């Protein structure tokens, strides 16, 4: 591990540590949020749907705007610090909420913070990393993120079961890792100077008109794929339908994040050697195969094995797509490009889940999963139209 960390810039490693403690803090809360809403605040599933729908739509829109701002400003770090600080401040306050509208307001503010930080952070990672190690850098950041997702629920479970604390107290204690995040950001994240010629960068439509066809084609393929990429809550429901008990689902969920943690670093690093398009195409085909398997397997062991294999898809795509975005655009437009990427994924996620749920309800789970697999295969086919851009060829030489 020490050798891995020494190969990458200190800022990238520090942002990985930030991601770990951020997810540790958030995952102490969000897996328990449905229980908190129903048992403590006496709210129903409709309230949870409203809260999560508003939260994720908000995050998608703010990610797009923060990407534009990150290119307009001389420094990206202030937006990153502001986003992490806002989310870290309001997230633990859910423990003080007396009604579900208060939770809605806090989740809204939390997602504003996430939206503020995501695109500038990814642009900052790309700025700080040589092109030949960009996949590895994003892979490390995602691996740290998933490690936090493994640790957070375990810490919360220990505090609830062994320390005998209440849900509200556990939520408030999530402020501790959130405070560590701000300290690491201020002390260890150093923004490299940006090579920007001339006055401030244009934003909005003028900037987006400068984005070249290869990036736009990748974005179109991501949009098509995301329309078949529903929320993972449906996969948890599939586990339950296969007879996996609630305790088993929790263990499988934790193991799933372990697979994602290991796969994202490996996948990002391999993309530096083998190229971005082959890795993303392979990842989307793994996704299609997993969804087809979900449509046909019935036994609990087979469904669990399929779910864990699903983690490989993240390793082949999560860090690689981000590295590819950075490869395809000039440095001065990286924030805009990441804003478009995150915004596209976030906004398409809502109709994707609605479509999946409708197909499941009307025609059954096999039809819903088969449709997701077909859209993933179609998105993979769209990538075949892509030709390497001159910018990528120059970066690789």
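The values are calculated or read from the model by the stated rules, or taken from the named source; none is laboratory data. All of these numbers come straight from a predicted model, not from anything done at the bench. Positions of Cβ are generated from backbone atoms using ideal geometry, with glycine treated the same way; all protein chains shown enter the neighbour counts.
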Close pairs from region 1-17: first closer than 16 Å to residue 319 by Cα, partner surrounded by fewer than 20 Cβ atoms within 10 Å (Cβ to Cβ) and modelled with pLDDT under 90, Cβ under 7 Å, at least 6 apart: 13/5
If I filter region 291-308 down to residues being without any contact (Cβ under 8 Å) to a residue 60 or more places away in the chain and touching a helix residue (DSSP H, G or I) at 6+ places or on another chain (Cβ under 6 Å), which single residue comes out as surrounded by the most Cβ atoms within 10 Å (Cβ to Cβ)? 306
If you check 160, 116, which single one turns out to be surrounded by fewer than 20 Cβ atoms within 10 Å (Cβ to Cβ) and farther than 12 Å from residue 326 by Cα? 160
Is it true that residue 170 is crowded, with 20+ Cβ neighbours inside 10 Å, more than 22 Å from the chain's Cα centre (by Cα) and touching a residue at least 12 places away in the same chain (Cβ under 8 Å)? yes
Residue list for region 222-234, filter: surrounded by fewer than 22 Cβ atoms within 10 Å (Cβ to Cβ) and assigned to a helix (DSSP H, G or I): 223, 224, 226, 233, 234
Tell me, yes or no, whether region 75-83 has at least one residue that is free of Cβ contacts under 8 Å to residues at least 40 places away in the same chain and surrounded by 22 or more Cβ atoms within 10 Å (Cβ to Cβ). yes
Given the condition in contact with a helix residue (DSSP H, G or I) (Cβ under 9 Å, 6 or more places away or on another chain) and either part of a loop (DSSP other than H, G, I, E, B) or at pLDDT below 85 (or both), answer yes or no: does some residue in region 375-384 qualify? yes
Would you confirm whether any residue within region 135-156 is surrounded by fewer than 23 Cβ atoms within 10 Å (Cβ to Cβ) and not in a helix (DSSP H, G or I)? no
Could you check, for region 343-356, whether at least one of its residues is modelled with pLDDT of 90 or more, under 19 Å from residue 319 (Cα atoms) and either surrounded by fewer than 19 Cβ atoms within 10 Å (Cβ to Cβ) or in contact with a strand residue (DSSP E or B) (Cβ under 6 Å, 6 or more places away or on another chain) (or both)? yes
Go over the candidates 68, 79, 124 one by one and state the one that is under 17 Å from the mean Cα position of the chain (by Cα), part of a helix (DSSP H, G or I) and under 22 Å from residue 323 (Cα atoms). 124
Odd one out for residue 98, checked against (1) closer than 30 Å to residue 38 by Cα; (2) part of a helix (DSSP H, G or I): (2)
